[in-house]
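The values are calculated or read from the model by the stated rules, or taken from the named source; none is laboratory data. The structure presented is a predicted model; accordingly, all values stated were derived computationally and were not measured. Neighbour counts run over all protein chains shown; Cβ positions are idealised from the backbone, glycine included.
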């Protein structure tokens, strides 16, 4: 049976990206009163993690980083939603744009942006019951947040790839063959 294993370097970088994503989420927060949420720079970390280290790192750094920021930053009601929504955003960005050329990276970013904006719309309108009006209004801010994540995250990934080419191999999981002891 094959088992997916990440090396110590990748695990360490995922932990750092969790911290960086949490810090970006907490650094600049613009509260949005109607839904008791906020707009931040979270997407920079989420997009960078997904595109630079792959879908698993994007999911982990995006989900855990933003969920942690909500928990310690005074927005615990959004913690689980952020964990799921930003996690899926990083996963989608990584699945489509990891180790790819710029056009595919942009597609990965756009897929992640749609997931993030749509996810928070659904969470605000239906899960938390704030209604369609506040959810639509918050979606405008979330769209701006997603665009900022792309405008900063995409060039950052390109710069890191150019300055440190081994980044393309760091996020790659390796499959190890294990012998079945009963065979």
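Couple of notes before you dig in:
- Hey, residue 26 in contact with a helix residue (DSSP H, G or I) (Cβ under 9 Å, 6 or more places away or on another chain) and either closer than 20 Å to residue 122 by Cα or modelled with pLDDT under 95 (or both) or not: no
- Scope region 2-59; condition surrounded by fewer than 17 Cβ atoms within 10 Å (Cβ to Cβ), out of contact with any strand residue (DSSP E or B) (no Cβ under 8 Å at 6 or more places or on another chain) and not in a helix (DSSP H, G or I); matching residues: 28, 36
- For residue 104: the one exception among (1) touching a residue at least 12 places away in the same chain (Cβ under 8 Å); (2) in contact with a helix residue (DSSP H, G or I) (Cβ under 8 Å, 6 or more places away or on another chain): (1)
- Any hit, region 136-159, residues being surrounded by fewer than 16 Cβ atoms within 10 Å (Cβ to Cβ), within 21 Å of residue 95 (Cβ to Cβ) and touching a helix residue (DSSP H, G or I) at 6+ places or on another chain (Cβ under 6 Å): no
- Of all residues in region 56-75, those satisfying the criterion of being in contact (Cβ under 8 Å) with a residue 12 or more places away in the chain and farther than 15 Å from residue 153 by Cβ are 56, 59, 60, 63, 64, 67, 68, 69, 70, 72, 73, 75.
- Being at pLDDT below 65, over 30 Å from residue 29 (Cα atoms) and in contact with a helix residue (DSSP H, G or I) (Cβ under 9 Å, 6 or more places away or on another chain) is a property that does not hold for residue 183.
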